[in-house]
Amino acid sequence: MRYMLLSAILFCSCASADQPIALAIHGGAGTILRSEIGDSREAAIRADLNAALDAGYKVLEDGGEALDAATAVVVRLEDSPYFNAGKGAVFTADGRNELDASIMDGATRRAGAVAGLTRIKNPILLARAVMERSPHVMMIGAGAEAFAQEMKLEFVAPAYFKTEHRWQEYLNAKAKAAQPRAALPISNYYGTVGAVALDGKGHLAAATSTGGMVMKRYGRVGDAPIIGAGTFADERCAVSATGWGEFFIRMNVAADICARVAYGNSSVADAADEVVLNRIPALGGNGGVITLDAKGRVSMPFNTAGMYRAAIDGEGKRVVAIYR
Ligand code: ASP
């Protein structure tokens, strides 16, 4: 009996007083200019970032798991019309919304991902169901939606995802695409939401959800649902990315950052800076990441004009920011 008690104390992975909790979230990187957003939209965006941060942090404060905190954040941001995920997603070339998401548990390396969804209200919940309730990691399109039906997840009519703001953005992009040699800068074309969380057991998790890029065609899938590219978590490092997905896939961005920590002795923040500020732009891509390490240190580098972001680090310091 005494031995059992002692081993419970020694080997218990429960929350300890000196294990910090922390959370970082993003609502996408890109050409985000104060002059274009306007005061009332900026206030609404900040309110939703704060609400999502609070929702996730409450889970952690109550002793909940990093996975649940990251999920709570992403659900809240998917439900907000201001971010390119769930409601408010960007439009494809043929004027539809196609959604992608993924989630990863750093402690066990379990992961779930979905792509090409058109009717699931919260794609991150389906990614989580794939991880926890199927033997697979990734499901796409009609098959993923059939699985969602079995899991009794909420379906919506495709029109649910439409907002006037995104529709006008789509019409503009379409008109520009029709003009010879005229194109919006690519960083106007995207946006995504994500979260990285550290819980009281010292476990990390990462989650990402997106509508992808404006005017995407042919069933295009970006980095957000690709484990290792847009989302990755292990025992020491968690990353959720946003940016020009093709580059993030080619550079395996999220996994590369964590590999630099695991094999290269880098801090998570230095690894994220090297990948986001040097390697991605060197190839011609752009975007940003949010990262966390197991001590609750947050980093949120980006190489675009702005990135919607917020965090409460391991010391309890809160930040909500949009511009550089
Ligand atoms: N990375 C996403 C994609 O390429 C878009 C974004 O993060 O802004 O689909």
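The values are calculated or read from the model by the stated rules, or taken from the named source; none is laboratory data. Computed from a predicted model, the values in this text were never measured in an experiment. Reconstructed Cβ throughout: ideal geometry from the backbone, glycine too, with neighbour counts over all protein chains shown. Protein only, heavy atoms only, side chains kept; ligands, DNA and RNA dropped before computing areas. Shrake-Rupley method; radii C 1.70, N 1.55, O 1.52, S 1.80 Å.
A few remarks follow.
- Matching residues, segment 49-63, being open to solvent by less than 20 Å² (accessible area, probe 1.4 Å) and over 13 Å from residue 311 (Cβ atoms): none
- The combined condition, being more than 28 Å from residue 60 (Cα to Cα) and open to solvent by 10 Å² or more (accessible area, probe 1.4 Å), is fulfilled by residue 247.
- Picking from residues in segment 110-143 that are within 30 Å of residue 293 (Cα to Cα), touching a residue at least 40 places away in the same chain (Cβ under 8 Å) and in a loop (DSSP other than H, G, I, E, B), the one that is most open to solvent (accessible area, probe 1.4 Å) is 137.
- One residue stands out among those in segment 88-109 that are farther than 15 Å from residue 159 by Cβ and not in a loop (DSSP other than H, G, I, E, B): the one that is nearest to the ligand (Cβ to nearest atom), which is 100.
- Criterion (under 15 Å from the mean Cα position of the chain (by Cα) and within 16 Å of the ligand (Cβ to nearest atom)) met by exactly one of 238, 233, 206: 206
- Qualifying residue in segment 156-171 (condition: at pLDDT 95 or above, more than 16 Å from the ligand (Cβ to nearest atom) and among the small types (Gly, Ala, Ser)): yes
- Only one of 240, 266 that is at pLDDT 95 or above, buried (at least 24 other Cβ atoms within 10 Å of the Cβ) and not basic (Lys, Arg): 240
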